[in-house]
1. B:Leu268 - would you say it is of a type in the set (A, V, I, L, M), under 18 Å from B:Val223 (Cα atoms) and outside the structural domain of B:Val206 (by TED's automatic domain parsing)?
2. Can you pull out the residues in region B:126-149 that are within 14 Å of chain A (Cβ to nearest Cβ) and in a loop (DSSP other than H, G, I, E, B)?
3. Quick one: A:Ala139 ticks every box in (1) crowded, with 23+ Cβ neighbours inside 10 Å; (2) away from chain B (no Cβ under 14 Å); (3) over 11 Å from A:Phe215 (Cβ atoms) bar one, so which box is it?
4. Identify the residue in region B:12-32 that is among the charged types (D, E, K, R) and over 22 Å from B:Tyr176 (Cα atoms) and, among all such residues, is farthest from the other protein chains (Cβ to nearest Cβ).
5. Across region B:271-292, what is the number of residues that are under 24 Å from the mean Cα position of the chain (by Cα) and either part of a strand (DSSP E or B) or outside the structural domain of B:Ser308 (by TED's automatic domain parsing) (or both)?
6. Do we have any residue at all in region B:1-16 that's touching a Gly at 6+ places or on another chain (Cβ under 9 Å), open to solvent by 30 Å² or more (accessible area, probe 1.4 Å), over 19 Å from A:Ala176 (Cβ atoms) and aliphatic (A, V, I, L, M)?
7. Which is within 21 Å of A:Val194 (Cα to Cα) and open to solvent by 60 Å² or more (accessible area, probe 1.4 Å), of A:Leu68, A:Leu77, A:Leu91, A:Leu81?
8. Looking at (1) part of a helix (DSSP H, G or I); (2) of a type in the set (D, E, K, R); (3) open to solvent by 20 Å² or more (accessible area, probe 1.4 Å), can you tell me which one A:Arg117 breaks?
Amino acid sequence: MTSSAQPRLGRPPLVLLVPGALAALLLVVPLVTLVADTPWHRLGSQLSSTAVREALWLTVLASVSTVLLCLLLGTPLAWLLARVAFPGRSLLRAAVTVPLVLPPVVAGVALVTALGRTGAIGRPIDQWFGLTIPYTTTAVVIAHTFVSMPFYVISVEGALRTAGEEYDAVAATLGADRWTTFRRVTLPLALPGVLAGAALAWARSLGEFGATITFAGNFPGRTQTMPTLIYTQLQSDPLVARTVSMVLLVVSVAVLVLLRNRWLSRL
Amino acid sequence: MSALELDLTVPDRVQATAVAGRGQVIAVIGPNGAGKSSLLRAIAGLVPASGELRVDGRSWRGLPVRERPVGMAFQDQLLFPHLTALENVAFAPRTAGASRDQARRTAQDWLDRFGVGDLARRKPRHLSGGQAQRVSIARALAGDPRLLLLDEPFAGLDVGVAATLRVELARHLASYDGVTLLVTHEAIDALTLADVVWVLDDGRLVQVGPPREVAARPLTRHVARLVSLNVLTDGDRFLSFSPSAVTVSPRQPEGSARHRWPGTVTSLAPHGDAVRLLVTGEHELLADVTPAAVAELALSPGREVWLSVKETAVRSYAAEPGLAET
């Protein structure tokens, strides 16, 4: 027999073959039609329009800021969850993962109740510093971070747990305090998880729509990101919407390829 | 003043009271689960323990792990996988405040002393078991510890590699003036490396003494097996005799031997030029017989035999007061 193993166990049954093929079509066809329908010859002119350029810039700004915030705030949180036994730890871990499954619009509403002009935190900030958060670029970054951070924290906490506390103990016997241990041992060992988590958070931020439009609105040049621009353009100029969608598709696939080749293979 | 005084209790794991002098090497032996690793970890501060621990007269009670001047080599080495051998060994000097260059020089010096200086730039995954264990012991010593804790440093190494490392380690320990605690499963480690043996059994220190003394008069079945002796209790005394002193007969011996027991052969294994039998009856006893006797007596597992031993071949000794554990 040659390499084909199928005939030995029989043909795949139709009852599995047909639904499987349908699922594949459902996933692939829209992407193919998107690529096919993209007005390639007008790509340049459309992408250079002010609205697109501003949205593109804002998306880059928001996603990069999100990743930075995840690194700066999410890493310590993941470390606390993985390494420090404190009362309510499992409760906090559960709470941190909620935004993973929360409908993004609900996330946006939740952010308004906290940071809106009349929100629990938003009101004092408004009164004392004269700052309002909703409908600003800051609000975009906060919304993105809110929905992206759980991906990052889960990934890094997992990596920290896999890397094991045993090495932390070794570092302690060698005289290292916890900060030194974190810098020189814990973090380097968890690096693959940090990179994968950062990529996941970045990808999540790139496509963020619901929480952003609820909490930050859809103002060109200030809070309009690529996804919200697509939503707007779809109603006025569907061709531009397709072009911009195409850009996001290319970026998403690039992230996927990068993840597979660079990082996921190492995990 | 003793270099090490300890009276430690790790709940449900180990309770030990002991002292050790400067430069002493202590072999900690005992069966699995006896609390050997727990004792080491309690001394390092890695597991919570109550009681007192004094090193060079200074109490370590309540001291966090990183402030205890210990060097610990772990059973599976636990070299930092992302650091080179040199960086691993330089870790302790660095945390102690040495400059990067100074720490590297110290580390290189230690690697050289253990004969692995040319492997300095290798990552642990490119080291063999023996090389990794050398780096691991060098790393433990590079921080200039007052206590050296070695948790089964020869476990998992090839016999030849372990033998070489044992000789090297003996040389380093001879020039080390702190106290060394060496957890081991091998009688030869205790006999060749140690000044004193601590025997742990079921979380308690049941025997303390020079290796030859402990080997000659074991108080626990585990040590008796380690040194291949049969040990029986007779009231408050211990009786020990060598497997080669045991006579195996097919039926109850006629002679005057006071010590004789019926039993069933459980296993046979080659032992040097002889065959070592494990015979189970009232006691579990070892007996060495010649291969000719195996054939002659048709010895195989399941065979009923009688064992006897002459009075003159039996050493009788008292349990140490306060340490008796039968």
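1. no
2. Residues satisfying the conditions are B:Gly143, B:Asp144, B:Pro145, B:Arg146.
3. With respect to (1) crowded, with 23+ Cβ neighbours inside 10 Å; (2) away from chain B (no Cβ under 14 Å); (3) over 11 Å from A:Phe215 (Cβ atoms), A:Ala139 is out only on (3).
4. The qualifying residue farthest from the other protein chains (Cβ to nearest Cβ) is B:Asp12.
5. 6
6. Yes; the residues of region B:1-16 include at least one that is touching a Gly at 6+ places or on another chain (Cβ under 9 Å), open to solvent by 30 Å² or more (accessible area, probe 1.4 Å), over 19 Å from A:Ala176 (Cβ atoms) and aliphatic (A, V, I, L, M).
7. Among A:Leu68, A:Leu77, A:Leu91, A:Leu81, only A:Leu68 is within 21 Å of A:Val194 (Cα to Cα) and open to solvent by 60 Å² or more (accessible area, probe 1.4 Å).
8. Failing condition for A:Arg117: (1).
The values are calculated or read from the model by the stated rules, or taken from the named source; none is laboratory data. Because the structure is predicted, anything quoted here is derived from the model rather than measured. Positions of Cβ are generated from backbone atoms using ideal geometry, with glycine treated the same way; all protein chains shown enter the neighbour counts. Accessible surface areas use protein heavy atoms only, side chains included; no ligands, DNA or RNA. Shrake-Rupley method; radii C 1.70, N 1.55, O 1.52, S 1.80 Å.
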